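Below is one structure, written out as structure tokens; comments come after it.
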């Protein structure tokens, strides 16, 4: 394998695009997930991955082989993401624009308005990656919406260190090399990042994927949402359920206020069909609003966070996220 890689590197340095693709393709998916964890945005992660590949193509002549090609690519990707995090061009907040619906007063205004979901279909082969012995998180846990959202509260350098050390298990010495810093600085940043993240951990894990428990919650949610049954919906929620709607900054916490918000949506006569998918390892749905002609137009994407046998968080994203999940922009009238 080493001889094959050496040959591919030599050919790629000579301008062979196919050789470069053969070198980098095995790492593309995991690098995109890495960028997503750092940036919290599907679109930003795609952009960072493209920038990484361009930089790797142009900089391959400087690859000296002291670290593995994979480590070298992670170094480029991490620093591209750090540049994005430090820029002022993150996704701006939007304002409420649903006519005829007046939302209740929010519990607070959120700051992670750039958050976007990640399609499970793109996780195949992306999270079953080689981990160092010091990795502390299961790969499925480290792609969850709650975890990715919590990461966004970290300063950029701490964010990078925690992902590289605790999620991927790179040794402290390699992380120091990636970030052009010292091992002591890496250890210090990791300690501070762990302290911050511990405050955001959920006490109760979700049921297993596709288990009877998960299926029951999902089926109950679909029935309640499609029939506009607020009482049935509220019965599925935890007492401290959290609802957010990036890029809207409105956030709601607590069963009563989330119930009032959903009631405001349904009381306007709006009726929806839900199309199942999965995002961040969690149940998700494309939501389609029935129009006057019966055509159902995509209005957004909902992702459920489960805790035990209840829904602990409900996150709504704009209809621009339907396409990355392979969902149509509209559905025909129901037969």
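Quick note: the coordinates plus some simple rules give every number you see, no bench work behind them. Every value quoted in this text rests on a predicted model; they were computed, and no experiment measured them. Glycine also receives a Cβ, built like all others from the backbone with ideal geometry; neighbour counts cover every protein chain displayed.
With a ≥ b ≥ c the root eigenvalues of the C-alpha gyration tensor of segment 2-198, is it rounded (a/c under 1.5), prolate (a/b larger than b/c) or oblate?
Working: a/c = 2.16, a/b = 1.57, b/c = 1.38.
Here segment 2-198 falls in the prolate category.
Report the calculated FRET efficiency for residue 58 and residue 4 (r = Cβ-Cβ distance, R0 = 30 Å), to the nearest 0.05. Can you show the working numbers first?
On the way: r = 23 Å, r/R0 = 0.76.
The formula returns an efficiency of 0.85 here.
Cut-off is 10 Å between beta-carbons; in what order do 34, 297, 27 appear when sorted fewest neighbours first? List each step's numbers first, then the result.
On the way: 34 27, 297 14, 27 21.
Fewest to most other Cβ atoms nearby, the residues stand as 297, 27, 34.
Over all alpha-carbon pairs in segment 1-72, figure out the percentage whose distance exceeds 21 Å. Write out the running numbers ahead of the final one.
Values: 671 of 2556 pairs.
Here the tail beyond 21 Å accounts for 26 percent of pairs.
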Problem set entry | Net lengthening on full extension, residue 28/residue 268 (0.36 nm per residue, minus Cα-Cα) | 81.9 nm
For this session: Using packing as a proxy for protection, rank 129-140, 241-252 so that the peptide with the highest average count of other Cβ atoms within 10 Å comes first.
Result: 241-252, 129-140
Exercise. Given C-alpha coordinates of segment 61-161, what is the ratio Rg to Rh with the Kirkwood estimate of Rh?
Worked result: 1.06
For this session: Return the distance in nm (one decimal) between the two label points of a simple spin-label model at residue 210 and residue 66, each offset 7 Å from Cα along Cα→Cβ.
Result: 4.6 nm
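Taking 0.36 nm per intervening residue step and subtracting the Cα-Cα distance, what contour gain separates residue 198 from residue 16 on full extension? It would help to have the intermediate numbers written out before the result.
On the way: separation 182, 0.36 × 182 = 65.52 nm, distance 4.68 nm.
Result: 60.8 nm gained on full extension.
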Exercise. Among (1) 19.0, 57; (2) 21.7, 67; (3) 20.0, 63, which is the computed Rg and Dmax of the Cα atoms in Å?
Worked result: (2)
Problem set entry | Cα gyration tensor shape for segment 174-270, rounded if a/c is under 1.5, else prolate or oblate | prolate
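Full extension from residue 181 to residue 293: what is 0.36 nm times the residue separation minus their Cα-Cα distance, to one decimal in nm? Don't jump to the answer; show the numbers that get you there.
Details: separation 112, 0.36 × 112 = 40.32 nm, distance 6.12 nm.
Separation in residues times 0.36 nm, less the Cα-Cα distance, equals 34.2 nm.
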Exercise. If you rank 226, 102 by fewest surrounding Cβ atoms within 10 Å, what's the result?
Worked result: 102, 226
Seminar exercise, completed: Computed, not fitted: 222 nm per-residue ellipticity of the chain from DSSP H runs ≥ 4 (each -39500 (n - 2.57)), nearest 500, equal to -13500 deg cm²/dmol
Problem set entry | Exposure proxy order (Cβ contacts within 10 Å, fewest to most) of 13, 66 | 66, 13
